[in-house]
Amino acid sequence: MNLPQHVRLVEVGPRDGLQNEKQPISVADKVRLTDDLSAAGLSYIEVGSFVSPKWVPQMAGSAEVFAGIQYKPGVVYGALTPNLKGFEAAVEAGVKEVAVFAAASEAFSQRNINCSIAESLERFIPVMEAAKSHGITVRGYVSCVLGCPYEGEVAPEQVAAVARELLAMGCYEVSLGDTIGTGTAGKTRTLFEVVGRDIPRDKLAGHFHDTYGQALANIYASLLEGIAVFDSSVAGLGGCPYAKGATGNVATEDVLYLLNGLGIATGIDMDKLIAAGQRICEVLGKPNGSRVARARQA
């Protein structure tokens, strides 16, 4: 199969990347990160999430971040909204696109959000209905698509079933997430082959964690399967809470380097992207998780 000519990167650093940081991060720093990312050419930025601050204290200021950013034409500024209350808060903050998430593993769904997969999908019905009436687009996430910390292997057919449900409810795209980063290239190809039997590949995206150092190999395997949308996080922000000391999200800079090498267009400026990642790492006082950024700055 020919590789896609253009790939859209969904930047999840400001939300997925920062949400587990223990130290407080100011609204101004989050706004700066989002503005730096849009200036670098990212066309989709997940800015924050509207969840209870009791569960995710770091996302408490999401409405203020949305109020402070410089909106660039053509850029989607998304937010995670797990329930109707969160959705309503997002609408109030002027958000035009939201995301909902389900798991492909029953054990993970129970441990993570205290309900079954079927129950979690049912909870999204009022969100989807409200989104439709507000003219807001919804993106879906499925976690644990290539393995679960509690169940181990996850059948691709189970992933396909959850993804089908999300699309039937009204999600325009479903991102399949290797939450614990145990996936390998062969299993990734099989996953997209199975899910792709029911779902057009232009409605699928990949979200790979680099816990086992396999994220770029899995992205390449996905490209071979015709997938052209990937989630990534600047400077590799965001650890994996299920594997102690392990890295989480794949670094946007490293994915961009891979795509540039394959001659695939993204519209992203590498130098500006590296500068954005370096700036937030300095704010956090932690080393840059991108290998490309570290090599370029050595």
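The values are calculated or read from the model by the stated rules, or taken from the named source; none is laboratory data. Keep in mind that what you see is a predicted model, and the values were worked out from it rather than measured. Reconstructed Cβ throughout: ideal geometry from the backbone, glycine too, with neighbour counts over all protein chains shown. Side chains included, ligands, DNA and RNA excluded: accessible areas come from the protein's heavy atoms. Shrake-Rupley method; radii C 1.70, N 1.55, O 1.52, S 1.80 Å.
Sticking with the crude label model, points 7 Å out along Cα→Cβ, report the distance from Cys115 to Gln5 in nm, one decimal please.
The two pseudo-label positions are separated by 4.4 nm.
Listed here are the pairs Lys203/Lys286; Lys96/Lys272; Lys132/Lys187; Lys30/Lys85; which of them are more than 28 Å apart at the Cα?
Among Lys203/Lys286; Lys96/Lys272; Lys132/Lys187; Lys30/Lys85, the Cα-Cα distance tops 28 Å for Lys203/Lys286; Lys132/Lys187.
Among bridges DSSP assigns within the chain, what percent are antiparallel (round to 5)? Spell out each step's value before the answer.
Numbers: 3 of 37 bridges.
Here the antiparallel bridges make up roughly 10 percent for the chain.
Given springs between every Cα pair under 10 Å in a Gaussian network model of the chain, which of Gly213, Gly285, Gly78 has the largest fluctuation?
Gly285
If you stretched the chain out fully between Asp198 and Arg164, how much longer would it get, using 0.36 nm times the residue separation minus the C-alpha to C-alpha distance?
Working: separation 34, 0.36 × 34 = 12.24 nm, distance 0.77 nm.
Here the answer is 11.5 nm.
Given region 145-298, what whole percent of its Cα pairs are spread farther than 24 Å? Before the final figure, lay out each step's value.
Details: 4068 of 11781 pairs.
The answer is 35 percent, as a whole percent.
Could you check the spin-label model distance between Val27 and Lys272? Points 7 Å from the Cα along Cα→Cβ, value in nm.
2.6
Under a 1.4 Å probe, what is the accessible area of the chain per residue, stated in Å²?
On the way: 12690 Å² over 298 residues.
In whole numbers, the chain has 43 Å² accessible per residue.
How large a share of the accessible area of region 1-155, in percent, is made up of carbon and sulfur atoms when the probe is 1.4 Å and the other protein chains stay in place?
Numbers: 3710 of 6940 Å².
Carbon and sulfur atoms account for 53 percent of the accessible area of region 1-155.
Using the alpha carbon gyration tensor of region 44-164, what are the three equivalent-ellipsoid semi-axes (square root of 5 times each eigenvalue), largest first, in whole Å? The partial results should precede the final answer.
On the way: eigenvalues 144, 46, 39 Å².
Taking √(5λ) for each Cα gyration eigenvalue gives 27, 15, 14 Å.
Can you give me the orientation-averaged projected area of the convex hull built on the Cα atoms of the chain, in nm²?
Values: hull surface 54.9 nm².
So the Cα hull casts an average projection of 13.7 nm².
Compute the relative contact order of region 8-297 as a whole-number percentage, counting only Cα pairs closer than 8 Å that sit 6 or more residues apart in sequence.
Values: 594 pairs, mean separation 53.0, N = 290.
Rounded, it is 18 percent for region 8-297.
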